[in-house]
Structure formats: C-alpha cells, structure tokens
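Structure, as structure tokens:
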Amino acid sequence: MLYLKALHIIGAVVWFAGLFYLGRLFVYHQEAQSKPEPECSILSAQFALMERRLWYAITWPGLCITVIFGSALLHFFGFPDWLYAKLGLVALLIGYHLWCGRLRTQLAEGTCTWNSRRFRLFNEGPSLLLIAIVFVVVLKDAISWPWLLLGLAGTGGIIRITVWAVAARKPENSRI
C-alpha cells in the first residue's frame, strides 16, 4: 500500500508541475501575439511546441499515474467520508486539465481570445485546488469546512488583487 501511495503522490506532483508550467506558457504565448513580426511567429511556434510537448509528455502522464494509483488505493481505504470531497476536487482538477487542452489548441491555431491577465488568473486555479486537496487529505474528517472555504476565498482574493496590480503596470494587459 505504501508503494501505491508513493506512486500516487509522485503522479500528483508531476501533474501539478505540468499544469503550473502550462499555465505560465499560456501567458507567455499570448503576450507573444503583441510582438512585431517575425518575432511573433517565431515565439508563437516555439510556445506551441513547448505546450504540446509538456501536455503529452508531462501533464497527461501525471494525470494517468495519479488516477491509476489513486484508484488502486481505494482497495485499501474504501470510501471514507473525506474521500468524497477529495474526489470532487480531483474532478474539478480534471475539468481544469481538459480546459487547458482546449486552450492549448486555440493558442496553437491562433483563435484564442483570452488576454494574458485572464491567463494569469486562470493559472491560479490549480493552486487553489492543490491547497484544498492537501487540507482535505491531511485533516480528513477533522477538517473545518467553513475555515477551509474562508481560507480559499481569502487566498483567491489575494491572488486576484496581485494579478490586477501586476497587470495595471502593463498597459497592454489592462482588459480581461
């Protein structure tokens, strides 16, 4: 069981690393669109290549390893009450993952309408999910849901204010 747990955690770390970096690449890719030619074309092609490689070589394998070994752990743990919350958060993370795939395709095709500020905000989604998942798993049935939700809302607010403050210093990122 400990080997399964270790592999599950390794998969989650790889998956989150891929999602964190992919979101950052989305920001840079979108910002490259405002560069003059030929810089715009060169950077866009390079970011599309990096995003595709990250997506297929890191992010998808991380998701698969996490889900496979997490599912195997169900044999040992069954379904305690806290696990339903974790699985709900993981479902949200899988939805985020799939949304990233759609955005990656749109950026590669040049059809994405998001600006870099919106990508910066979007990139913080996995951070909030990671915080929630870790607290649910560590605290299990002792978790205080009002405090967790308040903490996540506060963290989300701080992130949003920070993104707005950084974007305010860049005139090309002033609209969402």
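Before moving on, here are some points about what is shown:
- Three-way shape call for the chain based on the alpha-carbon gyration tensor, with the a/c threshold at 1.5: oblate
- Counted without the sites themselves, the longest stretch of the chain free of trypsin sites (Lys or Arg not before Pro) in a DSSP loop having at most 11 other beta carbon atoms within 10 Å is 1-168.
- Spin-label pair Leu130/Tyr21, simplified geometry with 7 Å Cα→Cβ offset, distance in nm: 1.3
- Phi to ³J(HN,Hα) by Karplus 6.51 cos²θ - 1.76 cosθ + 1.60 over the stretch 12-27, Hz, x for Gly, Pro: 5, 5, 4, 4, 5, 4, x, 5, 4, 6, 4, x, 5, 4, 4, 4
- Cα centroid separation, the stretch 41-89 to the stretch 115-174: 19 Å.
- Tyr96, Tyr84, reordered so the largest accessible area comes first (probe 1.4 Å): Tyr84, Tyr96
- Our estimate of slack between Leu139 and Ser41, defined as 0.36 nm per intervening residue step minus the Cα-Cα distance, is 30.4 nm.
- Per-residue ³J(HN,Hα) for the stretch 123-138, Karplus 6.51 cos²θ - 1.76 cosθ + 1.60, θ = phi - 60°, Hz, x for Gly and Pro: 5, 8, x, x, 5, 5, 5, 4, 4, 4, 4, 4, 5, 5, 5, 6
- By definition, a body whose alpha carbon gyration tensor gives a ≥ b ≥ c is oblate when a/c is 1.5 or more and a/b is not larger than b/c, and the stretch 92-176 fits this oblate description.
- For the stretch 43-72, backbone nitrogen atoms closer than 16 Å to the point 7 Å from Ile10 Cα along Cα-to-C-beta are found at 58-59, 61-72.
The values are calculated or read from the model by the stated rules, or taken from the named source; none is laboratory data. Owing to the predicted nature of the structure, the values given are computational and were not obtained by experimental measurement. Reconstructed Cβ throughout: ideal geometry from the backbone, glycine too, with neighbour counts over all protein chains shown. The area values use the complete protein model at the heavy-atom level, side chains included, leaving out ligands, DNA and RNA. Shrake-Rupley method; radii C 1.70, N 1.55, O 1.52, S 1.80 Å.
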